[in-house]
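Working notes for the structure below.
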Amino acid sequence: MTYIHRTLEPVIQAINRDYGCLLLIGPRQVGKTTMLEHLMAGSKRTKVTLDDTENRRLARSDPDLFLQLHPAPVLIDEVQYAPELFSAIKIRIDNGAPAGSYWLTGSQAFQLMDLAQESLAGRAAIVHMSALSQAEMEGDTAAEPFELHADALKRRTENRRPASVAEVYERIWRGSMPGYRSGRYTDRDVFYSSYVQTYINRDVVDMISGVDRLLFTDFVRAAACRVGQLLNAHDIAQDVGVSDDTARRWLLVLEKSEIIFYLRPYANNLLKRTLKTPKMYFFDTGLVAYLTRYSSPEILMNGAINGAILENYAVAEIRKSWLNHAKESLCWYYRDKDSNEIDLVMEADGKLHPLEIKKSVNPPTQIASTFTILDKGSVPRGEGAILCLRDALSAVDRQTWIVPIWMI
């Protein structure tokens, strides 16, 4: 197994000097604990996991005693299983525990954020971690958040290896989970099958009492078939034979555990005809390819979801590029009742940056004409881009770049 360095590493080290507590959250098995173990190597910090039922029992029944037995500096893994620890940690920080005392990890992001904001406000830094970015897999851990200006794009061309169409789809198909991409596990299907079952058996059953595990697996698969589309809970419910209310509750579980995320529609007071429905994406395209039963990158590249999963990949990579610097990605999509559509709208430095994502080596440049619809809004429009499968950076004009997806 080869350790893959993460862009977040220097961010975590800086946080460790400023905050008494770090809460690192993200989907299951994205490398949270592995990265923190790498950073704590050679230090006095110890690790304890609440996957251990005895540790969990004590942490819940007597959190103060638990923290006495596992004194700071300490890494507490899977902290979502003992929310009682948060108040006990708060007391220790208020009583003078130094910066870097407590590192916490967990895979139920929404619940943990609520607990931290309630009990550890001002005392804990909350950082999201996703699966590996393509930059990290290429060794470019210094990659900046994705932005559309000449200097930033040029730096990406200097630090990355161009990828062909086939290579991009191989990246999509293989996914971005560290356990598989590092070589620790070699059979992709077995890895993802185990991942789904572990997720349902450990996380979902904890959030949905009495859930039918096979039915929930079918539900996740039905959702995966609709990546990059406007969310339609009714259609997903019909596919698996559950009520619309059940589908909405289960989608919330997928979102809370960060298996899926949404792009919300962009709107402001001057753009009144926009749609209100979000678009749904999975955090890992390898999981999507497994759930939708594509047995090879070549079949996926020519399959029914080839465009949608490419869009999912591009959006997820942009999102990771910001999360990897502990920054929020301000991203939406645009669609109005007149059928004007923009795949992705990023906001940065007070401007809107429109992006189209196309499964093409030579996309038609006129598709960028839709970008002008944003000029009707109150936020100025900045540079835009067509993200595609071209092998080199190019431009339509001074306002519109043509950016290869391997550069994100």
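Here are the numbers for the structure shown:
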| read-out | value |
| --- | --- |
| Filter result (more than 24 Å from Tyr195 (Cα to Cα) and either among the aromatic types (Phe, Trp, Tyr) or touching a helix residue (DSSP H, G or I) at 6+ places or on another chain (Cβ under 6 Å) (or both)) within segment 244-264 | Asp244 |
| Close pairs (9 angstrom Cβ cut-off, 6 or more residues apart or separate chains): more than 17 Å from Gly228 (Cα to Cα) in segment 331-349, of a type in the set (D, E, K, R) and outside any strand (DSSP E or B) anywhere | Lys337/Arg273; Asp338/Arg273; Ala348/Glu147; Asp349/Glu147 |
| Number of the exception - Ile126 against (1) touching a Gly at 6+ places or on another chain (Cβ under 9 Å); (2) surrounded by 18 or more Cβ atoms within 10 Å (Cβ to Cβ) | (1) |
| Matching option when the condition is β-branched (Val, Ile, Thr) and within 22 Å of the chain's Cα centre (by Cα), among Ile373, Ile309, Ile299 | Ile309 |
| Filter pass, Lys47 being buried (at least 19 other Cβ atoms within 10 Å of the Cβ), farther than 13 Å from Ile25 by Cβ, under 29 Å from the mean Cα position of the chain (by Cα) and among the basic types (Lys, Arg) | no |
| Some residue of segment 249-259 being more than 18 Å from the chain's Cα centre (by Cα), part of a loop (DSSP other than H, G, I, E, B) and surrounded by fewer than 18 Cβ atoms within 10 Å (Cβ to Cβ) | no |
| Answer from Ser87, Ser107 - the residue that is under 30 Å from Val315 (Cα atoms) and of a type in the set (Gly, Ala, Ser) | Ser107 |
| Entirely in segment 303-375, the strands (runs of 3 or more DSSP E) that have 2 or more residues that are surrounded by fewer than 17 Cβ atoms within 10 Å (Cβ to Cβ) | 341-348 |
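Every number in this text was worked out from the coordinates using simple rules, so none of it is lab data. Since the structure is predicted, the reported quantities are computational estimates derived from the model, not experimental observations. Quick reminder, even Gly has a Cβ in these numbers, built from the backbone with ideal geometry, and neighbours come from all protein chains shown.
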